[in-house]
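Read through the structure below, which is laid out as structure tokens, and then see the notes.
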Amino acid sequence: MSSKDKILRKLNFMQRCVGYLKSVDTDSTNLDMNYEQRSAVERNFQLAIESAIDIGEIIISEEGFERPEYYISVFLIIGRHGIIPKDFAEEFSFAAGFRNVLVHIYEEVDSSLLDVFLTEKLDDFDEFARHIAEYVSTNS
């Protein structure tokens, strides 16, 4: 499978996860009271973020960029090299930190934090996807 195909497959999966997250009615859903939905929200965020990280790592490998030491570095490196805008890369790197919370400090994830990400951060995934799609189309 080519790098382009891998990126597109990961991008499609990321967008499916984000689509689910966008479908969550934050006005009428109390994630503290709905274990199943909270679990689904947390897992879809984790998978969307990991997909974005994987995409960045594929590009870094394909382009021969420096290897990231941390997940946050993935976004910063592709930002430094113009794959995504540098200022957006710095803003989007929140995702790596949030992924670490979901994976390693999962018992402490506050539902208000999930609400913030559901209401304020989902569009960042769409912007990331646009930049990656542009990269793929110009580097085919």
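Taking segment 62-75, which residues are free of Cβ contacts under 8 Å to residues at least 24 places away in the same chain and either in a helix (DSSP H, G or I) or buried (at least 19 other Cβ atoms within 10 Å of the Cβ) (or both)?
Passing the criteria: GLU63, SER73, VAL74, PHE75.
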Query raised in the report: Which numbered condition trips up LEU31, out of (1) within 25 Å of ALA133 (Cβ to Cβ); (2) among the aliphatic types (A, V, I, L, M); (3) touching a Leu at 6+ places or on another chain (Cβ under 8 Å)?
Result: (1)
Query raised in the report: For segment 84-111, which residues satisfy the criterion of being within 15 Å of the chain's Cα centre (by Cα) and in a loop (DSSP other than H, G, I, E, B)?
Result: ILE84, SER93
Query - Failed criterion for SER61 (all others in (1) at pLDDT 95 or above; (2) of a type in the set (S, T, N, Q); (3) more than 14 Å from HIS131 (Cα to Cα); (4) within 18 Å of the chain's Cα centre (by Cα) hold) - result: (4)
Report task. Enumerate the pairs (first residue in segment 22-42 and touching a residue at least 24 places away in the same chain (Cβ under 8 Å) and within 16 Å of TYR106 (Cα to Cα); second residue anywhere and assigned to a loop (DSSP other than H, G, I, E, B) and not polar (S, T, N, Q)) with beta-carbon separation below 7 Å, excluding pairs fewer than 6 apart on the same chain, so at least 6 apart or on different chains. Result -> ARG38/LEU31; VAL41/VAL24; VAL41/LEU31; GLU42/VAL109
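Here is a yes/no grid of residues against (1) closer than 15 Å to VAL136 by Cβ; (2) surrounded by fewer than 16 Cβ atoms within 10 Å (Cβ to Cβ); (3) modelled with pLDDT of 95 or more; (4) of a type outside the set (S, T, N, Q):
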{"residue": "LYS4", "(1), (2), (3), (4)": "yes, yes, no, yes"}
{"residue": "ILE7", "(1), (2), (3), (4)": "yes, no, yes, yes"}
{"residue": "ASN12", "(1), (2), (3), (4)": "yes, yes, yes, no"}
{"residue": "GLY19", "(1), (2), (3), (4)": "no, yes, yes, yes"}
{"residue": "ASP32", "(1), (2), (3), (4)": "no, yes, no, yes"}
{"residue": "GLU36", "(1), (2), (3), (4)": "no, yes, no, yes"}
{"residue": "ALA48", "(1), (2), (3), (4)": "no, no, yes, yes"}
{"residue": "ALA52", "(1), (2), (3), (4)": "yes, no, yes, yes"}
Requested in this report: Take ALA40 and decide whether it is closer than 17 Å to PHE117 by Cα, crowded, with 19+ Cβ neighbours inside 10 Å and among the aliphatic types (A, V, I, L, M).
Outcome: no
Report summary line: When ASP124 is run through (1) outside any helix (DSSP H, G or I); (2) modelled with pLDDT of 95 or more, the failure sits at (1)
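The values are calculated or read from the model by the stated rules, or taken from the named source; none is laboratory data. Computed from a prediction, not measured in an experiment: that's the story for all the values here. Here Cβ is always computed from backbone atoms with ideal geometry, including for glycine, and neighbour counts include all displayed protein chains.
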